[in-house]
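All remarks here apply to the structure that follows.
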Amino acid sequence: MGSVGEQETWQTIAARKQAQRESKIPLEWRIPKDILPSADIKDVQDFPRSSGLFTDRELTITETTATDVVEKIASEEWTSEEVVRAVCKRAAIAQQLINCVTEIHFEEAIARARSLDEYLKKEGTIVGPLHGLPISLKDQFNIAGLDSTIGYVSYIGKPATESSTLVQSLIDAGAVIYVKSNVPATLMMGESINNVFGRTLNPRNRELTTGGSSGGESALVTFRASFLGVGTDIGGSIRHPCSYTGLFGLRPSHGRISYQQVVNTYMGQEAVRSCAGPMCRSAKDVRLFMRSVAARKPWLYDPQCVPLPWREEEEILPEQLCFGFGMGDGKVTPTPPLRRAMEITKAKLVAAGHKIIDYVPHELPEAAEIVFKMWSADAGAEFQRDTDASGEPLHPQLEDWLGHGAKIEKQSVSDTWQNQHQKALLAQKWLERWQATAELTGTGRPIDGLIMPSTPFPAVRHDGGYPWHYGALAPLLDLTTGAFPVTKVDLEKDKVPANWQPISDKDKEVMEYYGKPENHENALVGLAVTGRRLEEEKVTAMLQLISDVVGIDY
């Protein structure tokens with residue numbers, strides 16, 4: 001500590017917080033210096049297999065899906081304690097290689113797992129559908145006794161006095177909470193970096209980002225250091241990271257998953273809502289999470305949750321589906337890897353007997369403009385307040401995003417009302433257009449879902465920023481949207497065609513930003529499927545169908 005009357009620098013406070021985190025990694029899980037990959041080794045995804053640090057059983061356990069894990073624990077083929085120890089060990093290795101963890105809860109998790117094993121042995125039954133399953137959480141979620149800094153130095157040393165409602169629901173369903181994951185400061189950047197914990201790296205190429213703001217979570221899950229994580233999404237923060245790291249995910253509509261007692265940016269801003277959802281390795285795991293949480297009846301504990309049980313009848317899909325196919329938004333087209341992922345998906349769905357119609361969501365640019373006005377209504381005063389409290393600087397990306405290179409003005413009450421009215425008009429226009437597709441689908445119904453990228457490009461290099469994305473419409477109109485993996489960047493197939501022509505200045509900028517596939521080497525490529533509001537069951541079922549039909553090509 002500094003001397004009496006001397007205020008500590010933000011750097012000193014952050015360094016102490018990092019040291020506390022490192023002290024919670026057991027010595028036996030530290031990577032020996034002689035096998036620690038050097039900084040110039042970009043791909044560390046397979047380090048757990050090649051390092052010799054894991055037993056075959058630990059590898060088998062950690063590379064299993066959440067759905068299979070709960071089945072094996074319930075049948076007593078595996079114990080929760082061995083599962084939790086294995087995944088904690090892999091999370092410890094992940095932290096040392098890709099810096100994705102904020103709060104470590106290993107000792108408490110192992111003790112909890114041991115007690116769950118004892119309960120199963122004594123009672124002959126499980127406590128709930130998630131019995132013994134380790135689940136990781138984005139840093140926003142409160143765990144009693146731990147900090148939730150969301151990347152602000154000024155939030156260090158202020159541990160939560162009680163857990164978020166969702167966290168308690170997961171625990172009541174049998175889950176084991178063992179770690180929290182990194183985010184960008186303010187939660188409002190496309191890369192997970194902050195002054196407290198630093199930058200999270202992509203394990204398949206450490207020169208690339210895993211996205212944001214749930215980028216620490218996507219890093220953990222893709223590294224097989226988490227079976228299932230919980231992220232949040234107000235503008236793409238589940239969908240973008242999942243697409244960058246080969247994961248399944250779901251951004252549900254507001255009210256299906258509790259957001260109560262979650263640390264957040266824009267507290268009280270309710271025009272466009274952040275929602276919590278799963279990030280995982282299979283479509284079945286999305287269903288496991290959603291169904292398990294719904295079974296806890298969250299509306300009895302959180303007044304913002306809608307009283308809507310999981311509707312299994314809504315999971316029964318028609319024999320033939322028709323998807324809208326959005327190759328961009330009319331202003332920016334997908335770069336070659338995303339275009340190829342779209343064509344792979346289209347070809348396989350059509351071959352399986354489903355229908356595809358072109359449906360370019362040209363409403364997206366308007367949605368992005370409306371959302372930006374909502375987010376910047378206070379001209380960044382909240383961000384400045386929370387960074388000024390410790391003297392830390394805002395990240396340059398955030399400074400640029402807030403001001404677009406110039407100072408922005410606070411909006412009046414009248415300005416915000418008018419902007420919210422534009423949202424209502426856009427929602428009406430979107431619904432009418434969606435309904436009108438019934439005349440085009442050949443199924444007698446409107447399109448079942450819209451398939452398109454969540455960003456025009458795959459995972460990008462650090463500090464690259466986001467010149468464009470397709471993520472604003474779903475949160476603005478509160479549309480249920482899932483993410484699914486398709487392929488990976490191919491250095492030969494994903495070159496920009498010599499005859500490519502932009503459709504706008506922004507399209508040209510984005511393609512130049514993409515550059516060449518070598519800039520995104522080893523990046524995984526995913527897409528999104530959007531349904532209507534509160535269609536979590538149907539979208540989850542469509543994720544399963546797409547997984548079965550399209551598969552994963554990498």
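The values are calculated or read from the model by the stated rules, or taken from the named source; none is laboratory data. If you're wondering where the values come from, they're calculated on a predicted model, not measured in any experiment. Here Cβ is always computed from backbone atoms with ideal geometry, including for glycine, and neighbour counts include all displayed protein chains. Surface areas here come from the heavy atoms of the whole protein model, side chains and all, with no ligands, DNA or RNA. Shrake-Rupley method; radii C 1.70, N 1.55, O 1.52, S 1.80 Å.
Return yes when Lys423 is surrounded by 12 or more Cβ atoms within 10 Å (Cβ to Cβ), within 25 Å of the chain's Cα centre (by Cα) and of a type in the set (D, E, K, R) and no when it is not. Taking the combined requirement at face value, the residue satisfies it.
Could you please let me know if Val350 is assigned to a helix (DSSP H, G or I) and either polar (S, T, N, Q) or crowded, with 17+ Cβ neighbours inside 10 Å (or both)?
Numbers: assigned to a helix (DSSP H, G or I): yes; either polar (S, T, N, Q) or crowded, with 17+ Cβ neighbours inside 10 Å (or both): no.
In short, no.
All but one of (1) without any contact (Cβ under 8 Å) to a residue 60 or more places away in the chain; (2) under 23 Å from Arg49 (Cα atoms) hold for Asn202, so report the exception by its number. If we test Asn202 against (1) without any contact (Cβ under 8 Å) to a residue 60 or more places away in the chain; (2) under 23 Å from Arg49 (Cα atoms), just (1) comes out false. Is one or more of the residues making up segment 399-416 part of a loop (DSSP other than H, G, I, E, B) and touching a Pro at 6+ places or on another chain (Cβ under 9 Å)? So far as segment 399-416 goes, no, none of its residues is part of a loop (DSSP other than H, G, I, E, B) and touching a Pro at 6+ places or on another chain (Cβ under 9 Å).
The condition (being in contact (Cβ under 8 Å) with a residue 12 or more places away in the chain, assigned to a loop (DSSP other than H, G, I, E, B) and either under 26 Å from the mean Cα position of the chain (by Cα) or within 27 Å of Tyr152 (Cα to Cα) (or both)) is satisfied by just one residue among Gly52, Gly132: Gly132. For segment 360-395: of the residues being open to solvent by 10 Å² or more (accessible area, probe 1.4 Å) and of a type in the set (Gly, Ala, Ser), which is nearest to Leu476 (Cα to Cα)? Only one residue fits best here, namely Ala368. Annotation note: Cβ proximity below 7 Å between a residue of segment 485-514 that is modelled with pLDDT of 95 or more and a residue that is part of a helix (DSSP H, G or I) and open to solvent by 30 Å² or more (accessible area, probe 1.4 Å) (sequence gap 6+ or interchain) occurs for Val486/Ile344; Thr487/Arg340; Thr487/Ile344; Leu491/Glu518; Lys493/Arg340; Asp494/Arg340; Pro502/Lys508. Just a yes or no: is a residue in segment 453-460 at pLDDT 95 or above, buried (at least 18 other Cβ atoms within 10 Å of the Cβ) and polar (S, T, N, Q)? There is at least one residue in segment 453-460 that is at pLDDT 95 or above, buried (at least 18 other Cβ atoms within 10 Å of the Cβ) and polar (S, T, N, Q). Within segment 19-31, the residues that satisfy the criterion of being surrounded by 15 or more Cβ atoms within 10 Å (Cβ to Cβ) and under 25 Å from Asn195 (Cα atoms) are Arg21, Lys24, Ile25, Ile31.
Being part of a helix (DSSP H, G or I), hydroxyl-bearing (Ser, Thr, Tyr) and open to solvent by less than 50 Å² (accessible area, probe 1.4 Å) is the filter here; which residues of segment 495-520 pass it? Of everything in segment 495-520, just one residue is part of a helix (DSSP H, G or I), hydroxyl-bearing (Ser, Thr, Tyr) and open to solvent by less than 50 Å² (accessible area, probe 1.4 Å), namely Tyr514.
Taken over segment 431-451, the criterion of being of a type outside the set (D, E, K, R) and either on the phi > 0 side of the Ramachandran plot or open to solvent by 10 Å² or more (accessible area, probe 1.4 Å) (or both) is satisfied by Leu431, Gln435, Ala436, Ala438, Leu440, Gly442, Thr443, Gly444, Pro446.
Please specify each residue of segment 75-94 satisfying the condition of being open to solvent by 10 Å² or more (accessible area, probe 1.4 Å) and either in a helix (DSSP H, G or I) or of a type in the set (Val, Ile, Thr) (or both).
As a first pass, look at segment 75-94 and keep what is open to solvent by 10 Å² or more (accessible area, probe 1.4 Å): 75-79, 81-82, 85, 89.
Once the filter is applied, which keeps residues that are open to solvent by 10 Å² or more (accessible area, probe 1.4 Å) and either in a helix (DSSP H, G or I) or of a type in the set (Val, Ile, Thr) (or both), segment 75-94 yields Thr79, Glu81, Glu82, Arg85, Lys89.
Residues being under 23 Å from the mean Cα position of the chain (by Cα) and aliphatic (A, V, I, L, M): count how many of those fall in segment 62-82.
So the first thing to find is which residues in segment 62-82 are under 23 Å from the mean Cα position of the chain (by Cα), and the list is 62-70.
Imposing the further condition that a residue be aliphatic (A, V, I, L, M) reduces the set to 66, 69-70.
Qualifying residue count, segment 62-82: 3.
Screening Asp68, Asp43 for residues that are open to solvent by 60 Å² or more (accessible area, probe 1.4 Å), part of a helix (DSSP H, G or I) and farther than 23 Å from His105 by Cα leaves exactly one candidate, Asp68. Within segment 525-535, can one find any residue that is closer than 26 Å to Ala294 by Cα and in a helix (DSSP H, G or I)? No: segment 525-535 contains no residue that is closer than 26 Å to Ala294 by Cα and in a helix (DSSP H, G or I). Based on what the data block shows, is Ser80 under 18 Å from Ala225 (Cα atoms) and of a type in the set (Ser, Thr, Tyr)? Yes; evaluated as a whole, the condition is true for this residue. Of Ile234, Ile171, Ile238, Ile257, all but one fail to be on the phi < 0 side of the Ramachandran plot, surrounded by fewer than 24 Cβ atoms within 10 Å (Cβ to Cβ) and aliphatic (A, V, I, L, M); the exception is Ile171.
Per this entry, Val286 is counted among residues that are touching a strand residue (DSSP E or B) at 6+ places or on another chain (Cβ under 6 Å), of a type in the set (A, V, I, L, M), assigned to a helix (DSSP H, G or I) and under 23 Å from Val167 (Cα atoms).
Just give me the residues in segment 177-192 being aliphatic (A, V, I, L, M) and more than 12 Å from the chain's Cα centre (by Cα), in sequence order. Scanning segment 177-192 gives Ile177, Val179, Ala185, Met188, Met189. If we scan segment 189-203, do we find a residue that is of a type outside the set (Phe, Trp, Tyr), modelled with pLDDT under 95, surrounded by 24 or more Cβ atoms within 10 Å (Cβ to Cβ) and in contact with a Phe, Trp or Tyr (Cβ under 8 Å, 6 or more places away or on another chain)? The answer is yes; a qualifying residue exists. Filtering segment 276-324 to residues that are touching a Phe, Trp or Tyr at 6+ places or on another chain (Cβ under 6 Å), more than 30 Å from Arg224 (Cβ to Cβ) and either in contact (Cβ under 8 Å) with a residue 60 or more places away in the chain or loosely packed, with under 15 Cβ neighbours inside 10 Å (or both) leaves Pro307, Gly324. Looking only at segment 105-115, decide whether some residue is in a helix (DSSP H, G or I), over 27 Å from the mean Cα position of the chain (by Cα) and among the charged types (D, E, K, R). Yes, segment 105-115 has at least one match. Taking the condition of being over 11 Å from the mean Cα position of the chain (by Cα) and either of a type in the set (Val, Ile, Thr) or assigned to a loop (DSSP other than H, G, I, E, B) (or both), how many residues in segment 193-221 meet it? Number satisfying all stated conditions: 11.
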